[in-house]
Every structure is written in structure tokens, then in C-alpha cells.
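Take a look at the structure below.
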Amino acid sequence: MSPWRVKGHFRRDSLFVAPVRLNGRSFSFLFDPGAAYLTINPDVATILDLRVIDNQPLLQGAYYPINCPVYQVPAFQIGFIHRTNVRIVGMPLDPRLDFIGLLGMDFLRQYRFTLEPDTATLILRPRRK
């Protein structure tokens, strides 16, 4: 199977941001393999009327643990990858940033991924079985 190529852009010279569609609406997500979870700003989850499916996941923030809701996104798309009923953690993000979520390892680990800095392209390949 051919790899999927996702064209994004860099912010502040080192932050790779990729386009993601949630329920048919376009948003920018930060590629963050250091993040454990696919996350979204709770304000955006409210705008999208996402259903909370769990209220007590505990994440370790930079200084202290954070209780965060988990939402279910009926339609998630990045590039040509389409997923339904995706779990996404609600985590407050600085509103001054130009992205509303993080592409974390719970999503990324499903693929072999490469980031091409010179072309600002995220390449996602199916994992070998």
C-alpha cells in the first residue's frame, strides 16, 4: 500500500502543523509524537457538539496532573485517512496558538511516520504486521 502524504506547514520555524478535518470542518493540529494522546481544545469540542464518553482521564501536565474529558469524534480525516468514532482528549491549549489540537502517539502509533522538513510533509505508512 502506498504511503499517505499530508502537506502541512511550519510555525515558528520548528512546529509542524497539519490540516485535519473533524466532522467535515478543517482545523490545524500540531504533529507531536511526544504527546500521548490525540487532543483537542475543549472550546472546539463544544463548538462541534462532541459527546463526552469519559470524564476522568488524568494527564501529566508540565507542572501538575490534569483531569480531562474524552470525546468521541464521529468523523476524523487527515490526508486520505478517514476514521470514524475516534477518541480524542480535551486539553486546554493556548488560544494564541494557530492550532487547536495535537496529533499524539495514540493516533501516530498506528502508522510508520516520517516528517520531511524540506517539503513540510508528513508521511504516514501502514504498519507492517
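Nothing in this text is a laboratory measurement; each read-out follows from the coordinates by a stated rule. Quick caveat, the model's predicted, so the values are computed rather than measured. Cβ atoms come from the backbone with ideal geometry, glycine included; neighbour counts cover every protein chain shown.
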Check your understanding: Taking K and R as +1 and D and E as -1, what net charge do the other residues with C-beta under 11 Å from the C-beta of GLY79 add up to?
Key -> +3
Check your understanding: What is the distance in Å between the Cα centres of segment 70-129 and segment 1-18?
Key -> 11
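Determine the equivalent ellipsoid of segment 4-126 by diagonalising the alpha-carbon gyration tensor, then write out the semi-axes as square roots of 5 times the eigenvalues, largest first, rounded to whole Å.
Whole-Å semi-axes of the equivalent ellipsoid: 22, 17, 14.
Given +1 on the Cβ of Lys and Arg, -1 on the Cβ of Asp and Glu, and no further charges, what dipole in debye does the chain carry about its Cα centre, rounded to the nearest 20? Each step should come with its number before you reach the end.
Working: 16 positive and 10 negative charges, 131 e Å.
So the magnitude is around 640 debye.
Under 8 Å for C-alpha pairs, at least 6 residues apart: give me the relative contact order for the chain, rounded to a whole percent. Let's see the in-between values first.
Details: 275 pairs, mean separation 43.8, N = 129.
Once divided by the residue count of the chain, the mean separation gives 34 percent.
Would you mind counting up the charge near SER2? Only other residues with Cβ under 14 Å from its Cβ, with Lys and Arg at +1 and Asp and Glu at -1. Write down the numbers at each step before the final one.
Details: positive: ARG5, ARG112, ARG125; negative: none.
Here the count lands on +3.
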Exercise for review: For n ≥ 4 DSSP H runs only, could you compute -39500 (n - 2.57) per run for the chain, divide by its residues and tell me the 222 nm figure to the nearest 500?
Suggested key: -1500 deg cm²/dmol
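Mind sorting ASP94, ASP43 by how few other Cβ atoms lie within 10 Å of their own Cβ, fewest first? Show your work: numbers first, answer last.
Details: ASP94 7, ASP43 13.
Going from sparsest to densest Cβ surroundings: ASP94, ASP43.
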Exercise for review: Calculate one ³J(HN,Hα) per residue across segment 67-73 by plugging θ = phi - 60° into the Karplus curve 6.51 cos²θ - 1.76 cosθ + 1.60, and present them in order as whole Hz with x for glycine and proline.
Suggested key: 7, 10, x, 10, 10, 10, 9
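Report the chymotrypsin sites (Phe, Trp or Tyr not before Pro) located in segment 59-118 that are in a DSSP loop and have at most 16 other Cβ atoms inside 10 Å of their Cβ, or state none.
Details: sites: TYR63, TYR71, PHE76, PHE80, PHE99, PHE107, TYR111, PHE113; in loops: TYR63, PHE80, PHE99.
For chymotrypsin sites (Phe, Trp or Tyr not before Pro) across segment 59-118 that sit outside H, G, I, E and B with at most 16 neighbouring Cβ atoms in 10 Å, the list reads TYR63, PHE80.
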Revision key, fill the gap. When the charge dipole of segment 4-126 is computed with +1 on Lys and Arg Cβ and -1 on Asp and Glu Cβ about the Cα centre, the Cα farthest towards its positive end, among PRO69, THR39, LEU22, belongs to LEU22
Check your understanding: Taking the Cβ of ASN23 as the center, what net charge do the other residues with Cβ under 13 Å away carry, scoring Lys and Arg +1 and Asp and Glu -1?
Key -> +3
